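A quick write-up on the structure given underneath.
The values are calculated or read from the model by the stated rules, or taken from the named source; none is laboratory data. Only a predicted model underlies this, so the values are computations on that prediction, with no experimental measurement involved. All Cβ positions, glycine included, derive from the backbone under ideal geometry; neighbour counts span all protein chains shown.
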Amino acid sequence: MSIAEEYRSKLVSAEEAVKVVKSGDWIDWGQILSNPYALDAALAARKDELDDIKIRLVMSAKSHEIWKADPEGEVFHMNNWHFGGADRAQHDNENCYHIPNLYRNNPLFYRKSLYDDVDVAMLRVPPMNKHGYFNFSCSVAVLRGICDVAKKIIVEVCPDLPWACGGFDELVHISEVDYIVEADSPVVEIPPAPATENDKKIAEHVMTEMVDGACIQLGIGGMPNVVGTLLAESDLKDLGCHSEMLCDAYYHLFEAGKLTNKRKSIDTGKTVYAFAAGSKFLYDWMDNNPGLAAYPTIYTNDPHNIAKNDNVVSINSCVEVDLYGQISSESSGTRHISGTGGQLDFVTGGYLSRGGKAIICCTSSYMDKQGKLHSRIVPMLPMGSIVTVPRTQAHIIITEYGKCDLAGRSTWERAERVIGIAHPDLRDELVQQAKDMKIWSKSNKLY
């Protein structure tokens, strides 16, 4: 049978494809832009026929039809490796649960622990090439690991998804696929959030840590985008990218002639990433671009691979930092917000890199709905908060009021340093709390 004949034999409607799903199944949807749309709607339409359907995914790009069909989560039970806004709202309604993980281990979880728990994989992909391969596009990070263990694989073909040139594990062959669904659904754009004035101040502090040839990891959000803008306007040259996420900022750096990857020790000349989320121009830049290489997270997020490049600068954000230097980036108390993602991977790899730095950013404070000012520098993390980066691995912390380096510092030095970048109106109270906790040096003359 030719590839074209095999394609035609496996081409079905979304409604026909989801008939393979039976009650009690585990279904995997992959990550962000690989989440299926036509299959989601077809599955939602089967709500009254099914029971106990468990769905696993990484971050929803938008709200799902199954949530509309089953708002109480009676049939469809969502389990998520990393929350976005839509997932967070469902979690608040007790209709979505988090799966704790280190992002570098995600493919390994499937191959070593979940190998019997993927009944159906439903993945959105670009059109097949002439050799019979489908590409994982913006979601190379984990999908090959899912396909390796899935009992059934359904691909939903989206003509507008970019084709990601890969390092490895970026493809699935038609011979492995059980059903093909064609659906001309739009590609979701996820532009960065608008930057605040505090984001801009934080970004300016981050810039003081940059050097020529720095290999940069940026997350999503307003502040990383400002860093990208400042880098593009700076005198720095020959910057590199080794990141889990490819965001708009990297395209701007490339357009400005700053992103050359020439000084990287591995993947020299290549922009390396595991998944992409951003604007249409980012996807256009990715499409069949051999200057970019998409890898699974077992490669991009391996601290040893990260550290092979010199002058790595890892830039991530957090929710709160306590006086011991513990960093919470994924929850506020018991309210889950996002996930560990690759933050600990890159904090570890960034610090191990020769000349490397691991930077965590946050605003010093926030205002509640009643207009009361609260500090993000806290004595101890609130009960239920998740420690994303342990105090033993905390390095550079930056707020709009400055930066501090906690690596190798004692408890009193850590308390002194993080209080020094807290909101000025809240520092006296933090000093008193540090004294009560017996982590304030009697020799300290600053307060």
Of the residues in segment 141-168, those that are in contact (Cβ under 8 Å) with a residue 40 or more places away in the chain, over 19 Å from Ile55 (Cα atoms), aliphatic (A, V, I, L, M) and not in a loop (DSSP other than H, G, I, E, B) number 1
Can you tell me which residue in segment 222-253 is farthest from Asp310 (Cα to Cα), limited to those that are surrounded by fewer than 22 Cβ atoms within 10 Å (Cβ to Cβ) and among the acidic types (Asp, Glu)?
-> Glu233
So Lys403, is it among the basic types (Lys, Arg), in the same structural domain as Lys201 (by TED's automatic domain parsing), more than 11 Å from Gln326 (Cα to Cα) and surrounded by 17 or more Cβ atoms within 10 Å (Cβ to Cβ) | yes
Listed residues Glu72, Glu65; which is surrounded by fewer than 16 Cβ atoms within 10 Å (Cβ to Cβ) and either hydroxyl-bearing (Ser, Thr, Tyr) or out of contact with any Lys or Arg (no Cβ under 9 Å at 6 or more places or on another chain) (or both)?
-> Glu72
Which residue pairs have Cβ atoms closer than 6 Å, lie 6 or more positions apart in sequence or on different chains, and pair a first residue in segment 227-248 that is closer than 21 Å to Asp199 by Cα with a second residue that is among the β-branched types (Val, Ile, Thr)?
-> Val227/Val206; Cys247/Ile220
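Looking at segment 318-327, is at least one residue more than 30 Å from Ile439 (Cα to Cα) and either among the aliphatic types (A, V, I, L, M) or under 14 Å from the mean Cα position of the chain (by Cα) (or both)?
No, segment 318-327 contains no residue that is more than 30 Å from Ile439 (Cα to Cα) and either among the aliphatic types (A, V, I, L, M) or under 14 Å from the mean Cα position of the chain (by Cα) (or both).
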With respect to Asn289, determine if the residue is in a loop (DSSP other than H, G, I, E, B), at pLDDT 95 or above, under 15 Å from Ala164 (Cα atoms) and assigned by TED's automatic domain parsing to the domain that holds Ala422.
-> yes
Identify all residues within segment 390-447 that are in contact (Cβ under 8 Å) with a residue 24 or more places away in the chain and of a type in the set (S, T, N, Q); write none if there are none.
-> Gln393, Thr399, Thr411, Gln433, Ser441, Asn444
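How many of the residues making up segment 294-317 are in a strand (DSSP E or B) and more than 17 Å from the chain's Cα centre (by Cα)?
Just the residues of segment 294-317 that are in a strand (DSSP E or B), to begin with: 294, 312-317.
Now drop any that are not more than 17 Å from the chain's Cα centre (by Cα), which leaves 312.
Residues that pass the stated criteria total 1.
Taking the condition at pLDDT 95 or above, aliphatic (A, V, I, L, M) and within 19 Å of Gln343 (Cβ to Cβ), does Ile55 pass? Give the derivation first.
On the way: at pLDDT 95 or above: yes; aliphatic (A, V, I, L, M): yes; within 19 Å of Gln343 (Cβ to Cβ): no.
When the stated conditions are applied, Ile55 does not pass them.
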Test set (1) in contact with a helix residue (DSSP H, G or I) (Cβ under 9 Å, 6 or more places away or on another chain); (2) surrounded by fewer than 17 Cβ atoms within 10 Å (Cβ to Cβ); (3) part of a loop (DSSP other than H, G, I, E, B); (4) modelled with pLDDT of 95 or more - Ser175 fails condition number = (3)
Which one is surrounded by the most Cβ atoms within 10 Å (Cβ to Cβ), of the residues in segment 332-373 that are without any contact (Cβ under 8 Å) to a residue 40 or more places away in the chain and of a type outside the set (D, E, K, R)?
-> Tyr366
Just wondering, is there one or more residues in segment 171-184 that are more than 20 Å from Glu6 (Cβ to Cβ) and in contact with a strand residue (DSSP E or B) (Cβ under 8 Å, 6 or more places away or on another chain)?
-> no
